[in-house]
Amino acid sequence: SKKALEIIEKLLIKHPNDEKLIKSKIYTLNALHRQADALEDIKKLLIKHPNDVSLLNSKAYALVKNSKFSEATNLIEDVIDTYPNNSFNIASLFARILCEELPKGDNHAFLDSKILKNPNNLVWSLVKCKLYSYEQKYDKSKKIIEESSQFMNMLEFQRELAFCYESTYDIDKAMTLYNLIIEKNPNDEFALFGRGQI
């Protein structure tokens, strides 16, 4: 809220280098849809912590919200290639950019080339599944996940599969999978929301 931002800014006057306060400010600015201001603080923190994946993800999000899609795309590609185990949370953002904001021609051919180059980087496969979902080709996304035991056992892919089941009105399978996710992760907001929707 604006009040929270006022309090944080007053505290930062006394403690200008407190990184927890700066991160709280970034979060609050994003919540207030002031991504341009958030981006400035993110850049300052990245000077000190250039490899902080959370900050890089926040920068990518802020760039998208500021319609800087080319810059966001370059950053996200670099993050996924460099930090594959910590990049799952930007898969949906990148899929949306590819689908809606910055057409890359044959998006799936582009993703296939990434997957072929580094098959162990599973984030590219998740981006491909999410892109199919944005394109409402849920059966193709389901097929990729269901045919891989590795994907079927991973939370990020389970969420995507449950969403595909829900989107194709395969309600029993969706509910079963959402319940399985919640059983293992009781506070999983995505699965709780999905189950609530059903």
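The values are calculated or read from the model by the stated rules, or taken from the named source; none is laboratory data. What you see is a predicted model; the values in this text were computed from it and never measured. Here the Cβ is made from the backbone with ideal geometry for all residues, glycine too, and neighbour counts use every protein chain on show. Please note that ligands, DNA and RNA were not included when accessible areas were found on the heavy atoms of the full protein model with its side chains. Shrake-Rupley method; radii C 1.70, N 1.55, O 1.52, S 1.80 Å.
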Touching a Phe, Trp or Tyr at 6+ places or on another chain (Cβ under 8 Å) and either at pLDDT below 90 or over 29 Å from ASN120 (Cβ atoms) (or both) - does that describe any residue in the stretch 20-35? yes
Output the residues belonging to the stretch 111-169 that are within 18 Å of the chain's Cα centre (by Cα) and among the hydroxyl-bearing types (Ser, Thr, Tyr). SER125, TYR132, SER133, TYR134, SER141
The conditions are (1) among the polar types (S, T, N, Q); (2) open to solvent by less than 40 Å² (accessible area, probe 1.4 Å); (3) in contact with a helix residue (DSSP H, G or I) (Cβ under 6 Å, 6 or more places away or on another chain), and THR168 fails exactly one of them. Which is it? (2)
When the residues of the stretch 71-82 are narrowed to those that are open to solvent by 50 Å² or more (accessible area, probe 1.4 Å) and either in contact (Cβ under 8 Å) with a residue 12 or more places away in the chain or in contact with a helix residue (DSSP H, G or I) (Cβ under 8 Å, 6 or more places away or on another chain) (or both), which ends up farthest from LEU93 (Cα to Cα)? ASP81
Collect the residues in the stretch 30-41 that are in contact with a Leu (Cβ under 6 Å, 6 or more places away or on another chain) and either surrounded by fewer than 16 Cβ atoms within 10 Å (Cβ to Cβ) or of a type outside the set (Gly, Ala, Ser) (or both), keeping them in residue-number order. ASP37
Examine the stretch 59-70 for a residue that is more than 25 Å from ILE145 (Cα to Cα), surrounded by 13 or more Cβ atoms within 10 Å (Cβ to Cβ) and among the polar types (S, T, N, Q), and state whether such a residue exists. yes
